[in-house]
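Everything below concerns the one structure shown next.
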Amino acid sequence: MVRMVGKKKSLIRLGSMLLITALMSSGCGSNSPAKTEDKPVKVGIIDTYTGGAAVYASDSLDGFKLAVKEFADKGGPKIEFVTRDDEFKPDKSTSWAKELVMREQVDFLAGTTNSAGSLAVSQYAKESKVPFIVWGGMSEKITGEAGHRYVFSTLPNTAIIGKAGAAQLSKSSYKKVWLAGSDYEYGHSLINNLWSNLTTLKPDVQKMDESWWRVGETDFTPYINAIRSAKPDVLVVGTGGADMVAFMKAVKATGLNKEIPVWAHTSYDPSTLRPLGDQAPEGVMGTNPYLYNYPDTPENKAFAEAFKKEYNREPAAFALYGYMGGKFLGEAIAKAGSTDKEKIIDAMEGLTIDTPVGKATLRKEDHQVAIPMSYGVVAKVNGVFTGGDLHTLNSEEIMPSVDQILKARSK
Amino acid sequence: MDFATLASQFFIGLSRGMIFFIVSAGLTLIFGVLRITNFAHGALYMVGAFIAYSVSTLFGQGPYGFWLALLVAPIAVMFISLVIERGLLRFIYNRDHLIQMLLTYSLVLIAGDLVKIIWGTEYKSMHIPEALRGSFNLWGASLPWYNAFLLVVGPVVALGLWFFLSQTNLGKICRATATDREMVDVLGINSTKVFAMVFALGGWLAGLGGALIAPTTTISMGMDASIIIYAFLIVVVGGLGNIWGALISSIIMGVGEAFGILFIPGVAIIIPYIIAGVLLILRPSGLLKSAW
């Protein structure tokens, strides 16, 4: 009996080995790259598909897929893609980038919600000369001091957000400011940029103190209680993701918004307001790069409808970033008339395309996308929480100057 | 700094400590009896929060939803724990600690993916029931009702655990197993059953912690990682396997962190580690004796 089982096992083993060999050889056969000019451009996407930040990666991926589909429907440039999960770990991002370039032989890299991951992949992109489109990492360093020919960003970074927030706050009469945020790259970079811009625009502001909480903080009441007792004129917060929702919840639960004005980027974004339901803190100020219902233009409506038809939900900001990533790439391939990486990069530099939020340009000097941004407050309209008192800051107002970028790079 | 601020900050810290206690009590109980470092404890806490969200949503986030969630989620997590213990853990009790860690760590990864498949990636939020919303005046400062509610739940759980461990026969067997497993076997007591029960109880506590924290925060993947570090710190500082040690160190952590946030807000993030470091230098084997 035992021997029988052993024989069976070895037979199965032999069989499966044969099968695998067969599969592998057939796979290799079909994989041989076609050396024609209209071969598809292959994009390797490295992003965070598990863990707390997965919501952004799935939004940007769906946005990108929509752009790819639109090109395919038009018969335009063919774009293929593969995805890898970096689990929000920068070292994983780099090893996947290497795998994608060496084994999958991708022409472009894209993704990385984690800013540190973006910077790490960007470094590899520079060494391997494989262009990298960032639609997740918001660090200003990506297209700032660490920028180079092979990295592009299709989302507003912390320098832009900070400048926009400073523009909004400079219109107020607040003097004593308390700064707070999540203790990581995004939080610090956003707050630093906002503060340096605000002191330029409004020299009489003074900083009372700063509080920093860890990423993934679940209980904000001790922070809020401490800040409330210091009685600042305004509380400026740089926090993102799940922490943002939890923070807003705590603001409502403690009634802080009724005592002290609060500013936080994306305070009236659907990704923040939807989980809050009827428990959103009214009056919290903020800036926002994209809303599916603002700007109220036919282009934005068309995009929101197309996205909803495909994925059964409204597009969030990261859907726009992924979509723009795909759009810029496709348009650049069409403009270059070639799938050669260097030619596509040349075409991408300074490229202006139509997007749901109007004309968007990938700035020639630093490869940073320039799009407008809205500012407003959390308001209740017809019983539903949304952005109220909305105004637009156009991209020239909020982009860091080219001189500033070049100065940072030469350091 | 006025008295009202200090007092409210103290109570807020204390309520923070209560959540720490409920979660770390389960972890330390499992370690004490089963001698397993259960990395998946944070995952069970996360699953508890997600189940609480689902139950509450089923009832339109209404008042019944919250109370039912508080009842159902810990029990559901208890059953999940039972399946984990009977299906996986019982095969590795005599193996290396490394193997045990690998197994429980793999459960963390599996739980993360399962949560993503079942609940999706979008942030979930559960409402605080109407009766516990808002805050009340405490000598001029304000304290949210929900924190006050946690200050009631924490001691109730601690009392319940004390009653179970020192007054019931089963509890006494648990303590005996923690002290000397072989002796318990020699006496003819089925320690397998005790193991399963303790692991389930630990899971229940993790689920309760998750259900209690759910209304105050964002329910998202990754919340497991943020609690497990605290839980391990507390368990080590309190004395491995000692529930009362966990209670004391939870309170020290919660209150200490709250005052850190008040006095040195810029670097408050490192306070728990400083507390843990100092306490471990003073008492390297933990505040109280390991196991009972």
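The values are calculated or read from the model by the stated rules, or taken from the named source; none is laboratory data. Please read these numbers as outputs of a predicted model, since none were measured by experiment. For neighbour counting, all protein chains shown are included, and Cβ atoms are generated from backbone atoms with ideal geometry for every residue, glycine included.
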All conditions in (1) closer than 20 Å to residue B:151 by Cα; (2) without any contact (Cβ under 8 Å) to a residue 12 or more places away in the chain are true of residue B:64 except (1)
Check the range A:295-312 and report whether any residue there is in contact with a strand residue (DSSP E or B) (Cβ under 9 Å, 6 or more places away or on another chain) and among the aliphatic types (A, V, I, L, M). no
Among the residues of the range B:270-291, are any free of Cβ contacts under 8 Å to residues at least 24 places away in the same chain, within 25 Å of residue A:254 (Cβ to Cβ), within 14 Å of chain A (Cβ to nearest Cβ) and surrounded by fewer than 22 Cβ atoms within 10 Å (Cβ to Cβ)? yes
Out of the residues in the range A:21-60 that are under 22 Å from residue A:151 (Cβ atoms) and part of a helix (DSSP H, G or I), state the one that is modelled with the lowest pLDDT. A:56
Of the listed residues (A:63, A:117), the one being in a helix (DSSP H, G or I), within 24 Å of residue B:221 (Cα to Cα) and modelled with pLDDT of 95 or more is A:63
Picked from the range A:251-261 (must be more than 7 Å from chain B (Cβ to nearest Cβ) and touching a Phe, Trp or Tyr at 6+ places or on another chain (Cβ under 9 Å)), the residue farthest from residue A:178 (Cα to Cα) is A:251
Single unsatisfied condition, residue B:123 versus (1) closer than 23 Å to residue A:256 by Cβ; (2) at pLDDT 90 or above; (3) buried (at least 21 other Cβ atoms within 10 Å of the Cβ): (2)
Hey, which of the helices (runs of 4 or more DSSP H) in the range B:144-188, taking only ones fully inside, have at least 1 residues that are under 21 Å from residue B:21 (Cα atoms)? B:145-167, B:169-179
Within the range B:211-233, identify whether any single residue is away from chain A (no Cβ under 14 Å), touching a helix residue (DSSP H, G or I) at 6+ places or on another chain (Cβ under 6 Å) and under 30 Å from residue B:67 (Cβ atoms), and answer yes or no. no
Enumerated strands (runs of 3 or more DSSP E) restricted to the range A:144-231, each holding at least 2 residues that are within 14 Å of chain B (Cβ to nearest Cβ) and within 18 Å of residue A:244 (Cα to Cα): A:176-182, A:206-213
So, of the residues in the range A:36-57 that are crowded, with 18+ Cβ neighbours inside 10 Å and over 15 Å from residue A:114 (Cβ atoms), which turns out to be farthest from the other protein chains (Cβ to nearest Cβ)? A:41
Go through A:89, A:129, A:74 for me and flag whichever is among the charged types (D, E, K, R) and either within 14 Å of chain B (Cβ to nearest Cβ) or crowded, with 19+ Cβ neighbours inside 10 Å (or both). A:89
Pull up the range B:38-62, narrow it to residues that are part of a loop (DSSP other than H, G, I, E, B) and in contact with a helix residue (DSSP H, G or I) (Cβ under 6 Å, 6 or more places away or on another chain), then point me to the one that is nearest to the other protein chains (Cβ to nearest Cβ). B:59
Filtered residues of the range A:319-362 (kept if basic (Lys, Arg) and without any contact (Cβ under 8 Å) to a residue 60 or more places away in the chain): A:335, A:343, A:359
Cβ-Cβ under 9 Å pairs, at least 6 apart or on other chains, the range B:174-185 side under 12 Å from residue B:241 (Cα atoms) and surrounded by 17 or more Cβ atoms within 10 Å (Cβ to Cβ), far side polar (S, T, N, Q) and at pLDDT below 85: B:177/B:191
Anything in the range A:305-335 that is of a type in the set (A, V, I, L, M) and out of contact with any Asp or Glu (no Cβ under 6 Å at 6 or more places or on another chain)? List them, or say none. A:306, A:317, A:320, A:324, A:329, A:332, A:333, A:334
Is it the case that some residue within the range B:117-124 is part of a helix (DSSP H, G or I), without any contact (Cβ under 8 Å) to a residue 24 or more places away in the chain and within 14 Å of another protein chain (Cβ to nearest Cβ)? yes
Just give me the residues in the range B:130-143 being assigned to a strand (DSSP E or B) and either more than 9 Å from chain A (Cβ to nearest Cβ) or touching a residue at least 24 places away in the same chain (Cβ under 8 Å) (or both), in sequence order. B:136, B:137, B:138, B:141, B:142, B:143
Of all the residues that make up the range B:195-223, how many are among the aromatic types (Phe, Trp, Tyr) and more than 10 Å from the chain's Cα centre (by Cα)? 2
